[in-house]
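Below is one structure, written out as structure tokens; comments come after it.
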Amino acid sequence: AQTVTQSQPEMSVQEAETVTLSCTYDTSESDYYLFWYKQPPSRQMILVIRQEAYKQQNATENRFSVNFQKAAKSFSLKISDSQLGDAAMYFCAYWGNAGNMLTFGGGTRLMVKP
Amino acid sequence: GAVVSQHPSWVICKSGTSVKIECRSLDFQATTMFWYRQFPKQSLMLMATSNEGSKATYEQGVEKDKFLINHASLTLSTLTVTSAHPEDSSFYICSARTSGGTQETQYFGPGTRLLVL
């Protein structure tokens, strides 16, 4: 079974600075998708970024980018120019072709200091 | 991104009553929808996978007779909590998967807070 691990329960960053959230996963599949979701205090899950495992190029979405290391099974999220609105829970998620469900990590709570 | 709505957003009910939660994909068809439960400060726990026109697949430990799921169309899935009890109080989130292609992604509804008195 696939597992997703987020080793940082909480992280803190100064406004306008850069922060990196870690995620590792375990799988025997070669073809899969990885996601980062954001859950603000409203508790609405919002898709932040998506990466296909077959793509070597790291996905980017404005201030959000990932460092996808397939061999190391690592998928970290970098948030540049952090804003107060970035404060939220961030969940890393794995979706493989063999399964039919997202597997979530335990989440990282990001605090942004003004 | 695609939009998933969920209704109601809040529900308070007496113990023993049944509560129905609706999940709709507003701008896409979803052959597969998912129901999650989330406890405070925890990750999402998958309850069941709902496929249009067929019976839902429940995760281990989830009572299918208590949590009835109906996926009657490509845009609507419902979760009915039957004979709700205080321990069923939780935050329930639905999710819908866009179908086909390389841009397949799962989008989430805003969630339903259930409080059983």
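Bear in mind these aren't lab numbers, they're just calculated from the coordinates by the rules spelled out. Bear in mind the structure is a predicted one, so any value in this text is a computation, not a measurement. In this analysis, Cβ positions are derived from the backbone assuming ideal geometry, glycine residues included, and neighbour counts consider all displayed protein chains.
Taking every residue in the range B:59-70 that is farther than 14 Å from B:LYS20 by Cα and pairing it with any residue that is surrounded by 14 or more Cβ atoms within 10 Å (Cβ to Cβ), at least 6 positions away or on another chain, the pairs with Cβ-Cβ distances below 7 Å are B:GLU59/B:LEU46; B:GLU59/B:MET47; B:GLU59/B:ALA48; B:VAL62/B:MET47; B:VAL62/B:ALA48; B:LYS64/B:TYR58.
Going through (1) more than 14 Å from every other protein chain (Cβ to nearest Cβ); (2) farther than 30 Å from A:TYR54 by Cβ one by one, B:LEU74 falls short only on (2). For the range A:1-22, a residue qualifies if it is assigned to a strand (DSSP E or B) and in contact with a Ser or Thr (Cβ under 9 Å, 6 or more places away or on another chain), and the qualifying residues are A:THR3, A:VAL4, A:THR5, A:GLU10, A:MET11, A:VAL13, A:GLN14, A:VAL19, A:THR20, A:LEU21.
Being closer than 22 Å to B:PRO40 by Cβ, surrounded by 15 or more Cβ atoms within 10 Å (Cβ to Cβ), away from every other protein chain (no Cβ under 11 Å) and within 12 Å of the chain's Cα centre (by Cα) is the requirement here; does A:LEU34 meet it?
Considered against the rule, which asks whether it is closer than 22 Å to B:PRO40 by Cβ, surrounded by 15 or more Cβ atoms within 10 Å (Cβ to Cβ), away from every other protein chain (no Cβ under 11 Å) and within 12 Å of the chain's Cα centre (by Cα), A:LEU34 comes out as no.
Can you pull out every residue in the range A:23-41 that is outside any strand (DSSP E or B) and closer than 15 Å to A:MET111 by Cα? If the condition is that a residue be outside any strand (DSSP E or B) and closer than 15 Å to A:MET111 by Cα, then A:PRO40, A:PRO41 are the ones that fit.
Report yes if B:ILE69 is away from chain A (no Cβ under 11 Å), in a strand (DSSP E or B) and surrounded by 15 or more Cβ atoms within 10 Å (Cβ to Cβ), otherwise no.
In short, yes.
Quick one: would you say B:GLN60 is part of a loop (DSSP other than H, G, I, E, B) and either closer than 16 Å to B:TYR107 by Cα or touching a Leu at 6+ places or on another chain (Cβ under 6 Å) (or both)? Judged against the criteria, B:GLN60 is not a match. In the condition set (1) away from chain B (no Cβ under 14 Å); (2) surrounded by 13 or more Cβ atoms within 10 Å (Cβ to Cβ), A:LEU84 is compliant with all but (2). Those strands (runs of 3 or more DSSP E) of the range B:3-53 in which 3 or more residues are in contact (Cβ under 8 Å) with a residue 12 or more places away in the chain and within 18 Å of A:MET45 (Cα to Cα) occupy B:4-7, B:19-25, B:32-38, B:44-51.
Within the range B:77-117, take every residue that is in a loop (DSSP other than H, G, I, E, B), of a type in the set (S, T, N, Q) and more than 10 Å from chain A (Cβ to nearest Cβ) and give me the one that is surrounded by the most Cβ atoms within 10 Å (Cβ to Cβ).
So the residue we want is B:THR98.
If I go through the range A:42-56 residue by residue, how many of them are exposed (fewer than 15 other Cβ atoms within 10 Å of the Cβ) and either touching a residue at least 60 places away in the same chain (Cβ under 8 Å) or closer than 23 Å to A:SER30 by Cβ (or both)? The qualifying residues number 3. For the range B:20-33, the set of residues classified as of a type outside the set (A, V, I, L, M) and either within 18 Å of B:THR82 (Cα to Cα) or surrounded by fewer than 24 Cβ atoms within 10 Å (Cβ to Cβ) (or both) consists of B:LYS20, B:GLU22, B:CYS23, B:ARG24, B:ASP27, B:PHE28, B:GLN29, B:THR31, B:THR32, listed by residue number.
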